[in-house]
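Peer 1: Sharing a structure below in structure tokens format, with a few things to ask.
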Ligand SMILES: [Zn+2]
């Protein structure tokens, strides 16, 4: 007989803290006892969107393997692991061509995507979550559960930086000082950028920027923000500009800061209509987008975190126990865009 566990489940566009069956596992899966899970923008979107009843929230998580669906994975039992929350079909054109992050038939933990019709959809804001065994990365004691739970959003930062053609000795700009923005900034510094400017949209991220060190903060909470940005960066502009916010205003800042051979890399998508002029792309300026990191980005992020080359702690805003989920989600919603430091749920 299957047991019962506590979980945060979406019902009628709200979260419910309730009992659900403990998940069963397949032969390529392990059961993870979840210890920490970050709140992501995807969780907020899923709660707001129609038709997500039965989805257990949460995809950015860490836990301990307690059961294996296959003798092959039994040595993982007892290991603390960070988890890659999506899996791919391994058959589509992108999977076959080493672009698994673009898979057309993705399965995503913490959402309905790829699971067909079910009563409950796998998610990590729960005591247990079933996970593909080869998507669990063992952790060393150097990282706390809360820090390691930031692997996925921080890996997006690394993936974005890897999109840039040239970093070493170049001037760079990051718009937004949230989890992804400050991950990008750390990777830019690590890869030898000449200067790393970080636009703090709300003017409230000073402490985090200071703790990371070596970054040049631009406070954009003032009315003449565009002028302040231009004066800081100078006329020649930045070789790489990263927009982690994606509004008309931030896109304009990005274009204005872009060097003649610069590339703009965005880490968000939305349905906003942006007022582009073709001259924004004059010279050899370009724009590209990335929202899902590759497996290697995740692995490398974890190794860099363990080595202390990048830091997760300054990006964590608060930690709440699962039963205080209402306060945790309220806290997340109160943070203005651009100050979306991580809220972590402890389980
Ligand atoms: Zn695929």
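The values are calculated or read from the model by the stated rules, or taken from the named source; none is laboratory data. Predicted model only: the values in this text are computed from it and were never measured. All Cβ positions, glycine included, derive from the backbone under ideal geometry; neighbour counts span all protein chains shown.
Peer 1: Mind checking which residues of the range 71-92 are more than 14 Å from the ligand (Cβ to nearest atom), in contact with a helix residue (DSSP H, G or I) (Cβ under 7 Å, 6 or more places away or on another chain) and closer than 19 Å to residue 153 by Cβ? Spell out the reasoning first.
Peer 2: Residues of the range 71-92 that are more than 14 Å from the ligand (Cβ to nearest atom), as a first pass: 71-85.
Among the residues that remain, those that are also in contact with a helix residue (DSSP H, G or I) (Cβ under 7 Å, 6 or more places away or on another chain) are: 73, 76, 82-85.
Result: 82, 83, 84, 85.
Peer 1: Any idea how many residues of the range 320-347 are surrounded by fewer than 19 Cβ atoms within 10 Å (Cβ to Cβ) and within 21 Å of residue 210 (Cβ to Cβ)?
Peer 2: Matching residues across the range 320-347 total 2.
Peer 1: Quick check on the range 233-250: of everything there that is part of a helix (DSSP H, G or I) and in contact with a helix residue (DSSP H, G or I) (Cβ under 9 Å, 6 or more places away or on another chain), which residue is farthest from residue 209 (Cα to Cα)?
Peer 2: Taking the candidates together, the pick is 249.
Peer 1: To continue, here is another question. In the range 175-196, what residues are in contact (Cβ under 8 Å) with a residue 60 or more places away in the chain and surrounded by fewer than 24 Cβ atoms within 10 Å (Cβ to Cβ)? Give the steps one after another, and end with the answer.
Peer 2: Quick first cut of the range 175-196, residues in contact (Cβ under 8 Å) with a residue 60 or more places away in the chain only: 175-184, 186-187, 190.
Answer for the range 175-196, where residues must be in contact (Cβ under 8 Å) with a residue 60 or more places away in the chain and surrounded by fewer than 24 Cβ atoms within 10 Å (Cβ to Cβ): just 190.
Peer 1: Can I ask one more? Does the range 93-113 include one or more residues that are away from the ligand (no atom under 16 Å from the Cβ) and outside any loop (DSSP other than H, G, I, E, B)? Before the answer, list the steps.
Peer 2: In the first step, residues of the range 93-113 are kept if they are away from the ligand (no atom under 16 Å from the Cβ); the result is 109-112.
In the following step, the residues that additionally are outside any loop (DSSP other than H, G, I, E, B) were identified as none.
Checked the range 93-113: no residue is away from the ligand (no atom under 16 Å from the Cβ) and outside any loop (DSSP other than H, G, I, E, B).
Peer 1: Of everything in the range 95-131, what is modelled with pLDDT under 95, buried (at least 17 other Cβ atoms within 10 Å of the Cβ) and over 20 Å from the mean Cα position of the chain (by Cα)? Give them in sequence order.
Peer 2: 95
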